[in-house]
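Notes follow once the structure below has been shown.
The values are calculated or read from the model by the stated rules, or taken from the named source; none is laboratory data. Model, not experiment: these values are computed from the prediction. Every residue, glycine among them, receives a Cβ derived from its backbone with ideal geometry; neighbour counts consider all protein chains shown.
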Amino acid sequence: MIVDFHIHIGKREHWHPWVNQHFKKTNPTLYENFDDIMVPEGLETYLKNQGVDYAVILAENSPITTGVVSNAFVYDFCKDKDMFVPFASIDPKTEDEPAQKLRELVKDKGFKGLKLYPSYQQFYPNDDLAHPLYEEAQALNIPVLVHTGSSIFKGSRLKYANPLLLDDVAVDFPDLKIIMAHSGRGLWYKEAFFLSRLHKNVYMEISGLPPKKLLSYFPNLEENKDKVIFGSDWPGVASIKDNIDAVNALPLYNSTKEKILSINAKIVLGLK
């Protein structure tokens, strides 16, 4: 059973032109068949053909950098599909009652997690303004996926993306499941690895990283087998299946690859 922890959905009009150009370049198949794939039934079929059994579907409230794929859109997209796991997007800078909003999305709409975009929404993830969200997520027992590391999109500010900023969050909210999207991509691989080893509640998520290079970025990956989660960052990649195959081709124990591709995500998400 394969879990992809990082899938973006949306319509062309939801994203800025530079985002559409990026997807068109990296995933021409999607753009040739956009209207057929980017609907619930189409994506369900596509993901199953790629070997994916469960997919975390991300809302995105990032008008400065990428665009807005609303929580309402994600809710409607996911509501009748058991394989889709919806994650909300809330900007703590602009939402008047962020904790209440998160609680409503989880309790009333069935969202299973929260995605934060500090470098896109431009706030430090250890800032007090984000604490109500962390406190509520911890109380609801849902994971928080936090963008770390580099991004190619206009307006993104790298200073907000250092995974070490999550050390404060892990200490202040020890029962909150924190997943570092992209594992500090580009600058902070060692920091992300160390942080996930240090804190029982911090995980590495490897979307946006070429799987064949994982052991270059993380030479001791085997030692952290219980804290690594697979994600593709589709449609920013051409083939999820190729990434799954690349993970399976790594010189790791089969039990480790199973944890990365399936077991760790199922534990974090509470999937049976």
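The figures follow:
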read-out: Sole exception among (1) out of contact with any His (no Cβ under 9 Å at 6 or more places or on another chain); (2) over 22 Å from Pro63 (Cα atoms) for Val144, by number; value: (2)
read-out: Among the candidates Phe23, Phe77, residue that is part of a helix (DSSP H, G or I), over 16 Å from the mean Cα position of the chain (by Cα), surrounded by 19 or more Cβ atoms within 10 Å (Cβ to Cβ) and at pLDDT below 95; value: Phe23
read-out: Boolean, Val56 is in contact with an Asp or Glu (Cβ under 9 Å, 6 or more places away or on another chain) and not in a loop (DSSP other than H, G, I, E, B); value: yes
read-out: Those residues of segment 240-258 which are closer than 20 Å to Gln50 by Cβ and without any contact (Cβ under 8 Å) to a residue 60 or more places away in the chain, in sequence order; value: Asp242, Asn243, Asp245, Ala246, Val247, Asn248, Ala249, Leu250, Lys257, Glu258
read-out: Leading residue by the ranking (nearest to Thr256 (Cα to Cα)) among those in segment 178-230 that are touching a strand residue (DSSP E or B) at 6+ places or on another chain (Cβ under 7 Å) and among the basic types (Lys, Arg); value: Lys227
read-out: Cross-chain or 6+ apart pairs with Cβ under 6 Å, segment 29-43 first and of a type in the set (Asp, Glu), then assigned to a helix (DSSP H, G or I) and surrounded by 14 or more Cβ atoms within 10 Å (Cβ to Cβ); value: Asp36/Gly42
read-out: Pair list, Cβ under 7 Å, 6 or more apart: segment 205-223 residue aromatic (Phe, Trp, Tyr), other residue crowded, with 19+ Cβ neighbours inside 10 Å; value: Tyr217/Tyr189; Tyr217/Leu209; Phe218/Tyr189; Phe218/Phe193
read-out: From Leu114, Leu102, Leu140, residue being surrounded by fewer than 23 Cβ atoms within 10 Å (Cβ to Cβ) and in contact (Cβ under 8 Å) with a residue 12 or more places away in the chain; value: Leu140
read-out: First in segment 162-179 and in contact (Cβ under 8 Å) with a residue 12 or more places away in the chain, second anywhere and among the charged types (D, E, K, R) and surrounded by 14 or more Cβ atoms within 10 Å (Cβ to Cβ), Cβ under 6 Å, 6 or more apart; value: Pro163/Glu191; Leu164/Glu191; Ile179/Glu205
read-out: Test for Ala265: is it crowded, with 19+ Cβ neighbours inside 10 Å, assigned to a helix (DSSP H, G or I) and on the phi < 0 side of the Ramachandran plot; value: yes
read-out: Candidate set from segment 119-137 (those that are over 19 Å from Lys107 (Cα atoms) and without any contact (Cβ under 8 Å) to a residue 40 or more places away in the chain); member that is surrounded by the most Cβ atoms within 10 Å (Cβ to Cβ); value: Ala130
read-out: Test: Ile206 is closer than 20 Å to His6 by Cβ, hydrophobic (A, V, I, L, M, F, W, C) and surrounded by fewer than 15 Cβ atoms within 10 Å (Cβ to Cβ); value: no
read-out: Residue in segment 209-245 that is surrounded by the most Cβ atoms within 10 Å (Cβ to Cβ), counting only those that are among the aliphatic types (A, V, I, L, M) and over 19 Å from the mean Cα position of the chain (by Cα); value: Leu221
